[in-house]
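Undergrad: Please find one structure pasted underneath; my questions will follow.
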Amino acid sequence: MALAPIEGQPGLFRDTDSGQVVNIRDFREGDKYDTVVFPAGEAIDPGTEFIFFQDIQQKRDLDTNFKTPRKLSAGESMVLDRIGLYPRLALGDVIDLPRDIKKILENAFYRLKINDILQDEGPAIKFPSGYGIYGNTTENDAGIVSLGVPATASAARLVKKQMLNQNHELDGVLRFDARNWLTTQGSAMGPIPAYVNPTLERAVVVTNYLHGLIRAAVTK
C-alpha cells in the first residue's frame, strides 16, 4: 500500500492501489524497533542470517517495542517512512569495539519485506537511522562509531510511504554473503587480501528502526 497526499486536505492520504482515503490526523511520529545480537568468538559463515522482529521473547522496551512477532499489535497501524539500522555502542558494562561494529556494517546485506513484498534492500551501510552518539573519546581501544550522520534529516526516506497494520508480516534480515570474487590475484593496484569470514571479539547488538507515523490501538 503506497500513500500519496491529497492536495488541500492536510492529514489525508490516498492509497494509490485501492483508492481508499487514509486519515493520519490521529497518528504520532515514532518508531517500531527490534534488536538482534551478534555473538563473539565465532566466525560468521556465509549465508548466516540475523532476523529482526521475529524473536521478541524476554526482550524489554530497551530492545524492542513489538508485542507480537513480525506484526504490529492488534488495532495498531503505521505509515512507514524510513528504515534504519543502529549498532549499540555498549552492552551493559562492556564497551563495543569499533572494529567489531565495522565488521558487521561493512559485511552485511539488509533486506526488508512486508507480506513477502520487497520494500528495500542493500548493503547495511545504506540504512542509517539518523540516531546515535556523536563526538570523540580518549578511552583505550574504544571509539564512537555511527552509521552515517546522527541526524534524522540525513537519513533517506522511502520514495513511497507504506501503510501497515496488524495484518502485515514484517521480515527484516541482515545476511552475510560469500564474497568469493575477492581473490589474491588480478588487481592492477596490487594483491587483494583473501576474504576471511568476520569474527567478533565482543558481542554486538544492532537495532532495526522502522520510523513513521503510528496510531496505537484504541483499547488495550
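Each reported figure results from applying straightforward, stated rules to the coordinates on display, with no laboratory input. Every value quoted in this text rests on a predicted model; they were computed, and no experiment measured them. All Cβ positions, glycine included, derive from the backbone under ideal geometry; neighbour counts span all protein chains shown.
Undergrad: Rank by packing, highest mean first: peptides 126-134, 145-153, with packing defined as the count of other Cβ atoms within 10 Å averaged across residues.
TA: 126-134, 145-153
Undergrad: What translational diffusion coefficient, to the nearest whole µm²/s, does the chain have by Stokes-Einstein, given a Kirkwood radius computed over alpha-carbon pairs, a temperature of 37 °C and 0.692 mPa s viscosity?
TA: 172 µm²/s
Undergrad: Packing-wise, with mean Cβ within 10 Å as the measure, how do 71-84, 38-51, 103-116 rank, highest first?
TA: Per-residue mean Cβ counts within 10 Å order the peptides as 71-84, 103-116, 38-51.
Undergrad: Considering Cα pairs under 8 angstrom that are at least six residues apart, work out the relative contact order of the chain and quote it in whole percent.
TA: 36 percent
Undergrad: So which residue, out of Arg60, Arg175, Arg88, gets the largest mean-square fluctuation from a GNM of the chain using Cα contacts under 10 Å as springs?
TA: Arg60
Undergrad: Identify which of Val22, Val204, Val173 has the largest mean-square fluctuation in a Gaussian network model of the chain, with springs joining Cα atoms closer than 10 Å.
TA: Val22
Undergrad: With a ≥ b ≥ c taken as the square roots of the eigenvalues of the C-alpha gyration tensor of region 60-110, please select rounded if a/c is under 1.5 and otherwise prolate if a/b is larger than b/c or oblate if it is not?
TA: oblate
Undergrad: Taking the Cα centroid of region 1-60 and of region 162-184, what is the distance between the two, rounded to the nearest whole Å?
TA: Taking the Cα centre of each part, region 1-60 and region 162-184 sit 14 Å apart.
Undergrad: In region 139-162, which residues have a backbone nitrogen under 19 Å from the label point lying 7 Å from Glu29's Cα in the Cα-to-Cβ direction?
TA: The answer is 149-162.
Undergrad: What lysines sit close enough to Lys32 to cross-link, taking a C-alpha to C-alpha distance under 20 Å and skipping anything fewer than 8 places away on the same chain?
TA: By straight Cα distance, Lys32 reaches Lys59, Lys67, Lys71, Lys113, Lys126, Lys160, Lys161, Lys220.
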